[in-house]
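Encoded as structure tokens, the structure appears first; notes follow it.
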Amino acid sequence: MSFTFKDRISISIFGSSHGSSVGCILDGIPAGFKVDENVVNLWMTRRAPGQSSLTTQRKETDNVEFISGINNSYTDGGPITMLIRNKDVIERHYDELRERPRPGHGDLSLFLKYGPFRNYSGGGFLSGRMTAPLVAAGSIAIQLLAEKDIQISSYLQSMGDIRIKEDRFYDDLEVYGTKSRIPDSVSDDKADELIRHLQSQGDSTGGIVKTVVKNVPAGIGEPFFDSVESVISHLMFSVPGVKGIEFGDGFQLGRMNGSTSNDLFRMKDEKVKALSNHNGGILGGITYGNDIEFRTVFKPTSSIRKEQETVDIKNWNNTTVRVQGRHDPCIAIRAVPVVKCVTALSLLDLYLRRQSSYKGNFVNESSYGKDEWN
Ligand SMILES: Cc1cc2nc3c(=O)[nH]c(=O)nc-3n(C[C@H](O)[C@H](O)[C@H](O)COP(=O)(O)O)c2cc1C
Ligand SMILES: C=C(O[C@@H]1CC(C(=O)O)=C[C@@H](OP(=O)(O)O)[C@H]1O)C(=O)O
């Protein structure tokens, strides 16, 4: 079931970039939640292509059609089905790529796995377009988590050699008030300049998205195979272009000592507080009240206008390709809302699991003193 993530909640995605539509079925959400469809569409707009000169010029409104699972703004307990129509499809950009797989994209893998039946136009289902349904589902998860005051901040931390001045929890207005989603005006201007330069060179760049989650209750995450890190990573690697994720200080921990990497505990206002966050708020795969912090790296967009070496998969000889069409010069810019939404789906899944392994349920929280979670 490669198009389905199934746990306490399940998410199935369907469609392809140049087919009639893309969409998803989100199952396992209890009945009785109020879902604001405008909030869903706000997140869709934040991810949609063609919103600025720094992104692909494909123009999609990405309005969600709510097919099932939400009745008079409330979840009814059934699968939530959402459909997003593809409108601005130009197939001829992919004619040449039928026989000349783009280096760095999934074209060759798709051919080797599915042969001539593969859906290659627009990258088929190996397209960033498949993140539209992930955002539709994730924006519902964001709303549910907000009821528990669990807040997620995702922003572009770096693009190429440009890095944000300060890492902290940025609210959405700060992030989406920028051109590049780096919420620091000096870096934002530099990113804008870099993208324009790359566009003139027919090239692209990578980027890193930082995520901070605050007000996470202690006790979220299951030991071993379903640790917080595992579930977030499982879902995050479904996002095309993701090549790495690190929690807390991540790979830097390999260069530290125990005496500098341990997050020391102190009592503050009758609660345990950690003095630092080198472990990203997760110990033993389980949260303990600190913020969750992690970084997700996106590779540079593979579809660039520079001529590149490839093979002809009809005649099996060496050739070159120059990719035409409308592409993101930096995937990470548009991936910022995707990372936030995927984080929300992961945490909602883990949150609901913890609840059901304890007592009560997500909706009827009256039996829960909030203190029991801290
Ligand atoms: C929001 C988003 C937008 C993307 N836009 C493009 C694009 O315009 N051109 C492109 O070649 N790849 C783009 N990608 C990345 C490709 O879809 C991805 O590199 C490809 O599916 C191969 O998968 P992999 O990079 O994970 O190996 C985008 C990804 C995301 C998440
Ligand atoms: C359509 C979206 O982004 C697309 C992702 C993408 C890719 O290869 O991933 C390639 C481009 O597709 P096309 O050549 O059809 O314009 C992007 O525009 C989207 O994110 O909604």
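Might you tell me the accessible area per residue for the chain, computed with a 1.4 Å probe and given in Å²? Intermediate values should be presented prior to the final figure.
Values: 17420 Å² over 374 residues.
I get 47 Å² per residue for the chain.
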**Message:** With θ taken as phi - 60° and the coefficients 6.51, -1.76 and 1.60, list the Karplus ³J(HN,Hα) couplings across region 150-157 in order, rounded to whole Hz; mark glycine and proline as x.
**Reply:** 7, 10, 10, 10, 10, 8, 7, 8
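Carbon and sulfur atoms: what percent of the 1.4 Å accessible area of region 4-359 do they account for? Provide the component values of the computation, followed by the final result.
On the way: 7960 of 16070 Å².
Of the solvent-accessible surface of region 4-359, carbon and sulfur hold 50 percent.
For region 4-359, what relative contact order do you get, as a whole percent, if you take Cα pairs closer than 8 Å and at least 6 residues apart?
Numbers: 740 pairs, mean separation 76.8, N = 356.
Taking the mean separation of contacting Cα pairs over the length of region 4-359, I get 22 percent.
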**Item:** Charge-dipole axis of region 1-80 as Lys and Arg at +1 and Asp and Glu at -1 on Cβ define it, positive-most pick from F66, S52, L26
**Value:** S52
**Asked** Are there any helices in the chain, counted as whole DSSP H runs, that stretch 20 Å or more along their axis by Cα and score at least -0.5 on average by Kyte-Doolittle, and if so which?
**Response** 131-147, 331-356
**Request:** Taking the dipole about the Cα centre of the chain, with the C-beta of Lys and Arg at +1 and of Asp and Glu at -1, give me whichever of G160, M82, L112 is farthest to the positive side.
**Result:** L112
**Prompt:** How much length is gained on full extension from D203 to A31, taking 0.36 nm per residue of separation minus their Cα-Cα distance?
**Reply:** 57.2 nm
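Once a ≥ b ≥ c are taken as the square roots of the eigenvalues of the Cα gyration tensor of region 231-303, is the result rounded (a/c under 1.5), prolate (a/b larger than b/c) or oblate (a/b not larger than b/c)?
Prolate.
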**Prompt:** Got the relative contact order for region 75-160 handy, in percent, Cα pairs under 8 Å and 6 or more residues apart?
**Reply:** 26
**Prompt:** What is the Cα centroid distance between region 1-37 and region 237-294, reported in whole angstrom?
**Reply:** 30
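Keeping every protein chain in place, order I84, I208 by accessible area at 1.4 Å, biggest value first, i.e. largest first. Please report the intermediate quantities before stating the final value.
Details: I84 0, I208 40 Å².
From most accessible down to least: I208, I84.
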**Item:** Charge context of W43, other residues only, Cβ under 10 angstrom, K/R +1, D/E -1
**Value:** +1
**Request:** Would you mind counting up the charge near P337? Only other residues with Cβ under 10 Å from its Cβ, with Lys and Arg at +1 and Asp and Glu at -1.
**Result:** +4
**Fill in**
From most to least accessible, 1.4 Å probe, no ligand or DNA/RNA atoms counted, K113, K271 line up as K113, K271
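For G221, what charge total do you get from the other residues with a beta carbon under 11 Å from its beta carbon, if Lys and Arg give +1 and Asp and Glu give -1? Can you show the working numbers first?
On the way: positive: R353, R354; negative: E222, D226, E229, D349.
Its environment carries a net charge of -2.
Rank-order 138-150, 55-67 by packing density, defined as the average count of other C-beta atoms within 10 Å over each peptide's residues, highest first. Can you show the working numbers first?
Numbers: 138-150: 21.1, 55-67: 17.3.
Highest to lowest by the protection proxy: 138-150, 55-67.
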**Asked** Can you give the charge dipole size of the chain about its Cα centre, rounded to the nearest 20 debye, using +1 on the beta carbon of Lys and Arg and -1 on the beta carbon of Asp and Glu?
**Response** 700
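The values are calculated or read from the model by the stated rules, or taken from the named source; none is laboratory data. All of these numbers come straight from a predicted model, not from anything done at the bench. When we count neighbours, we look across all protein chains shown, and the Cβ atoms used for this are built from the backbone with ideal geometry, even at glycine. Ligands, DNA and RNA are excluded from the accessible area calculation, which covers all protein heavy atoms including side chains. Shrake-Rupley method; radii C 1.70, N 1.55, O 1.52, S 1.80 Å.
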